[in-house]
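None of the figures in this text is laboratory data; all of them are computed from the coordinates on show. The structure displayed is predicted, hence computed values, not measured ones. Counting neighbours? That spans all protein chains shown, and the Cβs are built from the backbone with ideal geometry, glycine included.
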Amino acid sequence: MRIQLSSDSPLAIDADLLVVGIASTSKRSVDVDKIDRALGGSLADWWKDEGFEAKPGQVSKLPARGRIKARWVVFVGIGGKDAVADARGLAHAATKASSRQKSAALVLSEVNVESVRAAAEALATGAYEYTTYKTGDRKPKGGLSKAFLVGADPKSSELKAALKAGKVVAEAVNLARDLVNAPPNDLHPVTFADIFREEAEKLGLPTTVWGKKELEKAGMNLFLAVNRGSAIEPRMVHVAYEPEGATQKVAFVGKGLTFDSGGLCIKPPKSMDTMKCDMAGAAATVGIVLAAAKLKLPVAVHAIIGCTENMTGAAAYRPGDVFTSLDGKTVEIINTDAEGRLVLADVLAWTRDTLAPDLIIDHATLTGACMVALGNYRAALYTADDELAKAYDAAAGAADEKFWRMPLDEDLRSTLDSSIADLKHVGGPYGGSITAALFLKEFVGKSRWMHLDIAGPAFLDGSHGRMPRGGTGFGVATAVRYLESLAGA
């Protein structure tokens, strides 16, 4: 989507839609009064007939009939107390109000760096549709392709930078969505690795791709165990963004199960039909490093994804098997459907030893237990570092994503004890999201580390607020905000 700053008057800007926010708790703005007069003073009667009360998210759309330059006027209920939240709401409503309209002009309640960035991001993500496999007349014909932010000085370097940041983050979020939404027959470990490499090479980022032979040579036996039942080779991809002068190094690790059948502990059909989304952590990791590079953040960012399928082939791993991890710990397999933590264990250990970053953050659609605890719209955050948890929570607030800090409860660690190996990879019947995090903790050593279980908000059966149906790209925006906070520290 093309998004521009514009100093034109709301009455004079040439767009299909003029989108204006109005709050029920405050006086109408000067812009609303001017539009009302231009339309013949009919707004009050129109809204009364429609039942429009300017409640947040409520929309009233009416034809301008040539009285102003825009063809339609869309009034959107906003809270009126938070200009950034209002900008997001206005932008998202604009994308949903368009049917055959291609352009929209947004009148922000307050023009500043944060509101411009929020509007740009919400416009580009709100207009998102996954149409790759639609053909002929089935392809959507509507949707915005151009937008103006009215009252924003196009000569302002600060506003232009904010606009760019919003667009870059949105592009990264939408790429993650595309990856998650892609069908698993086309997006498998090999093609996923190829896409990541191609995107990274466009930006000149050094990229290393490991196949089965390299994983075997390294001794990543937990990762390889998950892959044993698949006819498609696994891949581990490492992309490095290392700007000159960077004093901090953050490594993002992503779980990349391009399809999870559950292995021999096979999932029921209803639980399997969306398991193409089990690589959403890896998709977010891709988006994060690409956004960091495009924004030229002064922080070194490494992205490492472990990709495989978990299938039921003749060589599939079994409950009761024991494998030796990359860092030497032996692990007894309990449930082959708890495969993501095995892949992550080896990738985390590799990241710890090979890159020695200042911080490791992993994103993973790891447990159903997390969804039971927190629902579909909030991710779990695990770390022993109070300062890190506080900083990431602030970043999530700025990105408008929801996390909840969960305890790394050492009282549950004993449930991972095995009678025949160093540890089991599954604990007892309770606290499943916690014991999964405790298992991962075994493979990060003394590294500063945070685990994000994004199983709930990474993929939705239906749209919710600004999150679309299917892949949401959850986690990308918060990570970028966090990296920006490090850059400014």
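Please work out if Tyr392 is part of a loop (DSSP other than H, G, I, E, B), among the aromatic types (Phe, Trp, Tyr) and either in contact (Cβ under 8 Å) with a residue 60 or more places away in the chain or within 13 Å of Ile434 (Cβ to Cβ) (or both).
The answer is no for Tyr392.
Which residue out of Val347, Val343, Val331 is in contact with a strand residue (DSSP E or B) (Cβ under 7 Å, 6 or more places away or on another chain) and assigned to a strand (DSSP E or B)?
Val331
Would you mention how many residues in the range 134-180 are surrounded by 15 or more Cβ atoms within 10 Å (Cβ to Cβ) and part of a helix (DSSP H, G or I)?
21
Can you confirm whether Ala384 is surrounded by 14 or more Cβ atoms within 10 Å (Cβ to Cβ) and of a type in the set (Gly, Ala, Ser)?
no
Here's the yes/no breakdown for (1) over 26 Å from Leu359 (Cβ atoms); (2) surrounded by fewer than 21 Cβ atoms within 10 Å (Cβ to Cβ):
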site	(1), (2)
Arg413	no, yes
Leu416	no, no
Ser419	yes, yes
Gly428	yes, yes
Ser433	no, no
Ala436	no, no
Phe443	no, no
Trp449	no, no
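Please state which one of Lys55, Lys48, Lys61 is of a type in the set (Lys, Arg), over 21 Å from Ala162 (Cβ atoms) and buried (at least 17 other Cβ atoms within 10 Å of the Cβ).
Lys61 is the lone residue from the list that is of a type in the set (Lys, Arg), over 21 Å from Ala162 (Cβ atoms) and buried (at least 17 other Cβ atoms within 10 Å of the Cβ).
Starting from the range 33-51, keep only residues that are in contact (Cβ under 8 Å) with a residue 40 or more places away in the chain and under 16 Å from Val20 (Cα atoms), then list their pairs with residues that are β-branched (Val, Ile, Thr) and outside any helix (DSSP H, G or I) whose Cβ atoms are within a distance under 9 Å, requiring at least 6 positions of separation or different chains.
As it stands, the answer is none, since no pair meets every condition given.
Taking the range 395-407 on its own, how many of its residues are free of Cβ contacts under 8 Å to residues at least 12 places away in the same chain and crowded, with 21+ Cβ neighbours inside 10 Å?
Qualifying residue count, the range 395-407: 0.
Would you be able to say whether some residue in the range 115-125 is within 30 Å of Leu483 (Cβ to Cβ), under 22 Å from the mean Cα position of the chain (by Cα), among the charged types (D, E, K, R) and not in a loop (DSSP other than H, G, I, E, B)?
Yes, because at least one residue in the range 115-125 is within 30 Å of Leu483 (Cβ to Cβ), under 22 Å from the mean Cα position of the chain (by Cα), among the charged types (D, E, K, R) and not in a loop (DSSP other than H, G, I, E, B).
Do we find that Val180 is over 25 Å from Ala12 (Cα atoms) and in contact with a Lys or Arg (Cβ under 8 Å, 6 or more places away or on another chain) in this structure?
yes
Among the candidates Gly256, Gly245, Gly262, Gly219, single out the residue that is touching a Cys at 6+ places or on another chain (Cβ under 6 Å) and not aliphatic (A, V, I, L, M).
Testing whether each residue is touching a Cys at 6+ places or on another chain (Cβ under 6 Å) and not aliphatic (A, V, I, L, M) leaves just Gly256.
Those residues that are outside any strand (DSSP E or B), surrounded by fewer than 20 Cβ atoms within 10 Å (Cβ to Cβ) and either on the phi < 0 side of the Ramachandran plot or of a type in the set (S, T, N, Q) (or both), I need them from the range 229-258; list them, please.
The answer is Ala231, Ile232, Glu233, Glu242, Pro243, Glu244, Ala246, Thr247, Gln248.
Do the conditions hold for Leu224, that is, is it within 26 Å of Thr336 (Cα to Cα) and either within 22 Å of the chain's Cα centre (by Cα) or not in a loop (DSSP other than H, G, I, E, B) (or both)?
So Leu224 passes the test.
Could you check how many residues of the range 265-294 are touching a strand residue (DSSP E or B) at 6+ places or on another chain (Cβ under 7 Å) and over 20 Å from Ala338 (Cα atoms)?
The number of residues fulfilling the criteria is 7.
Give me a count of the residues in the range 470-489 that are in a helix (DSSP H, G or I) and either in contact with an Asp or Glu (Cβ under 6 Å, 6 or more places away or on another chain) or not polar (S, T, N, Q) (or both).
Selection size over the range 470-489: 12.
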